[in-house]
1. What is the number of the single condition among (1) in a loop (DSSP other than H, G, I, E, B); (2) within 14 Å of another protein chain (Cβ to nearest Cβ); (3) under 20 Å from B:Leu194 (Cβ atoms) that B:Met136 does not meet?
2. Which residue out of B:Leu106, B:Leu85 is within 13 Å of chain A (Cβ to nearest Cβ), buried (at least 18 other Cβ atoms within 10 Å of the Cβ), in contact (Cβ under 8 Å) with a residue 12 or more places away in the chain and not in a strand (DSSP E or B)?
3. With respect to the numbered conditions (1) open to solvent by less than 10 Å² (accessible area, probe 1.4 Å); (2) over 12 Å from A:Arg402 (Cα atoms); (3) within 14 Å of chain A (Cβ to nearest Cβ), which one is the sole condition not fulfilled by B:Gly114?
4. Output the helices (runs of 4 or more DSSP H) that fall wholly within segment B:164-251 and possess 2 or more residues being among the acidic types (Asp, Glu), or say none.
5. If I ask for residues that are in contact with a strand residue (DSSP E or B) (Cβ under 8 Å, 6 or more places away or on another chain) and surrounded by fewer than 17 Cβ atoms within 10 Å (Cβ to Cβ), which ones from segment A:122-132 would you list?
6. Does segment A:323-353 hold any residues that are open to solvent by less than 10 Å² (accessible area, probe 1.4 Å), in a strand (DSSP E or B) and touching a His at 6+ places or on another chain (Cβ under 9 Å), and which are they?
7. Which residues, taken from segment B:62-81, are outside any helix (DSSP H, G or I) and facing another protein chain (nearest Cβ under 10 Å)?
Amino acid sequence: MNSQVLKEKYVELYEEHKNTLPGKNIPWLENLREEAIDQFKQSGLPDTSVEEWNVYPYKNLTNNYFSITGKENIDLSELKIKDEDCIARLILHNGSVVKIEADKLPERVLINSLSYFIENHPEIIEGNINPVNKHFETRLSNIIDPKSQGIVSLNTAFHKDGAVIYIEKNIKVSGYIEIINLSNNKTNLMNHIRSLIILEAGAKCKVIEKNIGLYSEDNLLFSSSVTDINLSKDSSLSFMRLIAGNLNNTNVNCTHADIEENAIFNSTSFVCSKGDARDEIRVNLNGTNSLVNLNGLLLGLEKSKNELLTKVRHIAKSTNSNQNVRAILNDKARASFQGKIRVEKKADDTVANMSGKSLLLNQSARVNSKPELEILADDVSCSHGVTVGSLDPEQLFYLSSRGISNNEAKKMLIAAFSEIVFENLDVSFKKNAQKFMADYYGTY
Amino acid sequence: MAISLEINDLVVEVAEKTILNGLSLKIDSGEMAAIMGPNGAGKSTLASVLAGKDGYTVKEGSIKYLGKELLKMSIDERAASGVFLAFQYPVEIPGVATSTFIRTALNAQKRMRGEKELDAVEFLKLAREKAKELEMSEDFFTRSVNVGFSGGEKKRAEVFQMSILSPTLAILDETDSGLDIDALKVVAKGVNNLRNKNLSGLVITHYQRLLDYLQPDTVHILANGKIVKTGDKSLALLLEQKGYQGIIEAN
């Protein structure tokens, strides 16, 4: 389908449905949606002419029309009961919260669906859903480029639900909060999830988000999920995202995080869809001594395409960032890591490190790694390193010569390669990540 | 006495170049044999072929180990049946803890031999005992395999692995290279501690010095891809006086 036609159809779809979307009586939210659809009218869906989307084409996304209404049912009885460490679990099905399970939550910890907040407490979320222009790319030529945000525009216009986590001042939540996004479809279907995680000063919490495509038979599924994160002074959030989809899924996740003075954001992404998936993480280090640790593991099998894009903007003085991304690809899998560090003019004393390493287990697998440093300040310490390789025959021989079978030796080396992504994970995060990969990714 | 290793007329090519050219060698159980030879003689090739490394094409000849065809066994099967190669350049493996590696190896061997595997506690006890014998600090258990080890530590770690895996054929490929005198003594002591009537050794070296500590039963001179002279440990002394050229020319 022609991209112009497709764009017009989505704008039409918005006009048709805008009165049924939540928050139509709330001016700021209505405005946000209107601005977003206007922006989408200009940019359309991102294609390979957009720098952030040029590694490989998302043909399912750009060649097909997706509707927003499906009538799928879901049986939640197959979901295991939540872990003991998990204090609250929100389950979304095709973009809407269908179940919330929570122990007795500590006071001043608010966890509910976005639609609940829109209906009951819009004042709490006002100003926390970012407008689409917030993360437009500022090219080095100072041109503002909105095109990479096409999906975010669509999401901002169409979102109807998501998870909201609001932790009040100085509350330290023990255990973790889990968000599960389940999708299934019998027609070509899209859903747009908008989630918010807001930590007031000194608050602390851990969140796991799991994105799972259950089945789509011969139909295509396009799910977008945008998470706005706001970490006030001295707060700390550990966030782990796991993405597993099937061949017919296109999964686009975006995290937009603002980090204030002394706050810490630990983000770990496991992008392991069997279809097309990307995770975009944009972080603004707004306050001095703020820190972000971005770790990611891309796993690819068969003809999967998995992408991770990061952009860390050092805006305030004395801010720190560390990025460690690993990709392990077999068969004809494709993966890409585009990592960007941008140090703004006033951000002296920045320390920013980035490492991207890829392991190809098959000659037909391909990986794209693009580290980018844009440094406008003078006094900074930045490093970046990228490697692509296969398993080292010398290491394999060494292990085998001690009695370890070739298969087991390969497993050991693969696990060692990705160790850096796991090593600083909280125990419950590690357990969840390993289980997730065993369930959805076979014998990794 | 039982024969441990019997190599007959071995011809080996690497990248279509003949490296071993009709090598024959016999080692009895409990025998410590030294192989000496000039650079490029094929010493390390012999070690690699015995351990089963890729890239070496055996064109002719046979290798029997404890009566079995060694060349038909996979690398890990060779290890499980008692072949141990102490590497000239031990390989670094970031992200794999030394103790995890050795325990996995030991238990893989035990599994193949149908023996009971060691649990974590039993293994730690064994590892501590062996580390003490080799005067090694236990810190290295949790460090990645050979990563950041000095040359001496790497060689010591090889002997440590050997003492835990307790092989029946130990091939030491220039284990003395890169060692200072003190480290050499410790390594030699470690090897000597393992000596018994079931362990055969094949010590590949350039120098007399290691042999002073190890006291081999036999010394073989390898040149141009074959054994050109065999004798007892006095041959090593003769070599020290005459050099390789003198001995090779005399034959």
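The values are calculated or read from the model by the stated rules, or taken from the named source; none is laboratory data. Quick caveat, the model's predicted, so the values are computed rather than measured. Reconstructed Cβ throughout: ideal geometry from the backbone, glycine too, with neighbour counts over all protein chains shown. Accessible surface areas use protein heavy atoms only, side chains included; no ligands, DNA or RNA. Shrake-Rupley method; radii C 1.70, N 1.55, O 1.52, S 1.80 Å.
1. Every condition holds for B:Met136 apart from (2).
2. On the way: B:Leu85 fails: not in a strand (DSSP E or B).
Within the list B:Leu106, B:Leu85, the selection yields B:Leu106.
3. (1)
4. B:234-250
5. A:Ile124, A:Asn128
6. A:Gln323, A:Gly339, A:Ile341, A:Val343, A:Thr350, A:Ala352 - these are the residues of segment A:323-353 that are open to solvent by less than 10 Å² (accessible area, probe 1.4 Å), in a strand (DSSP E or B) and touching a His at 6+ places or on another chain (Cβ under 9 Å).
7. B:Ser74, B:Ser81
Residue-wise test of (1) among the acidic types (Asp, Glu); (2) under 17 Å from the mean Cα position of the chain (by Cα); (3) buried (at least 16 other Cβ atoms within 10 Å of the Cβ).
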site: B:Ile3; (1), (2), (3): no, no, no
site: B:Ser24; (1), (2), (3): no, no, no
site: B:Asp28; (1), (2), (3): yes, yes, yes
site: B:Gly42; (1), (2), (3): no, yes, yes
site: B:Tyr56; (1), (2), (3): no, no, yes
